[in-house]
Amino acid sequence: MTKVNSNRNTQLIEHLRKSGAIGSERITEAFIAIDRANFVLPEYIPEAYQDYPLPIGHAATISQPTTVAFMLELLEPRNDQKILDVGAGSGWTTALLAHITGKNGRVYGIEIIPELAEFGGANLAKYALPQATIETAGPAYGLPEHALFDRILVSATADELPDTLIDQLAPNGRMVIPLKDSIWLITKNANGTISKKEYPGFIFVPLQHPKK
């Protein structure tokens, strides 16, 4: 595990607070506990606390901390929930979600690129988070065999909302997903109806179609 630079991590979290990207206590605690430096490539460790995306190989990135914090605040993950993390990449968001949902929760990270799934899994293993795993994505969006999920986080942009992910969302569940240049909050109400809210002005790598 990379030696945590607590001063620089504290500065990053203070920046996230001042920017308004982060506010809730549980998400703040996760950012304190799960250090971004443990999820970047070795050559980018000096930049781990900067507020911009960093390459992790295979045309993918570890997302900007402000964006991750904003998406988690929209998602409102809670203790003991079952969560799906689509496009887990470096494993950072999977680890953050696992810290938030706690030992009685469950986080399934999936990544379509096998090498990144391996990279993310190795990074996740730096922490004692047995409630979380990262695996290579199968032939369908999400993990229908483990649905329904209380929360779904998607970290790559799609052209349209995948119906298969909505189907995997539990009643009263929340999904945060980039669509084109916006982040969308999707809420499934208790009766199964869907509510949507758009937050424009973001850039993500494309969400790749599962391999058939």
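Only loop residues by DSSP count here, and only those with at most 16 other Cβ atoms within 10 Å; note down the trypsin sites (Lys or Arg not before Pro) in region 65-162 that meet that.
Within region 65-162, the qualifying trypsin sites (Lys or Arg not before Pro) (loop, at most 16 other Cβ atoms within 10 Å) are ARG78, LYS103, LYS126.
Measure nothing fancy, just the Cα-based angle from helix 92-101's long axis to the longest principal axis of the chain, in degrees from 0 to 90, nearest 10.
Tilt relative to the chain: about 70 degrees.
If I stretch the segment between GLU47 and ALA33 completely, what's the gain in nm (0.36 nm per residue apart, minus their alpha carbon distance), one decimal?
3.2 nm
Please state the charge dipole magnitude for the chain, taken about the Cα centre, from unit charges on C-beta atoms (+1 on K and R, -1 on D and E), reported in debye and rounded to the nearest 20.
380 debye
Can you sort LEU54, LEU148, LEU16 by how many other beta carbons sit within 10 Å, fewest first?
The most exposed by this proxy come first: LEU148, LEU54, LEU16.
Return the calculated 222 nm mean residue ellipticity for the chain, to the nearest 500 deg cm²/dmol, obtained by summing -39500 (n - 2.57) across DSSP H runs with n ≥ 4 and dividing by the residue count.
Using -39500 (n - 2.57) per qualifying helix, the result is -8500 deg cm²/dmol.
Please state the relative contact order of region 6-200 as a whole percent: Cα pairs under 8 Å, 6+ residues apart?
For region 6-200, the relative contact order is 16 percent.
Quick check for region 6-200: number of Lys pairs with alpha-carbon distance under 28 Å, counting only pairs 8 or more apart or on different chains?
Lysine pairs meeting both conditions in region 6-200 amount to 16.
For the chain, what proportion of DSSP beta bridges, expressed in % and rounded to the nearest 5, is antiparallel?
Here the share of antiparallel DSSP bridges comes out near 45 percent.
Values in this text are rule-based calculations from the coordinates and carry no lab data. The shown structure was predicted, so the numbers you read here are calculated from the model rather than taken from an experiment. Positions of Cβ are backbone-derived with ideal geometry, glycine not excepted, and every protein chain shown enters the neighbour counts.
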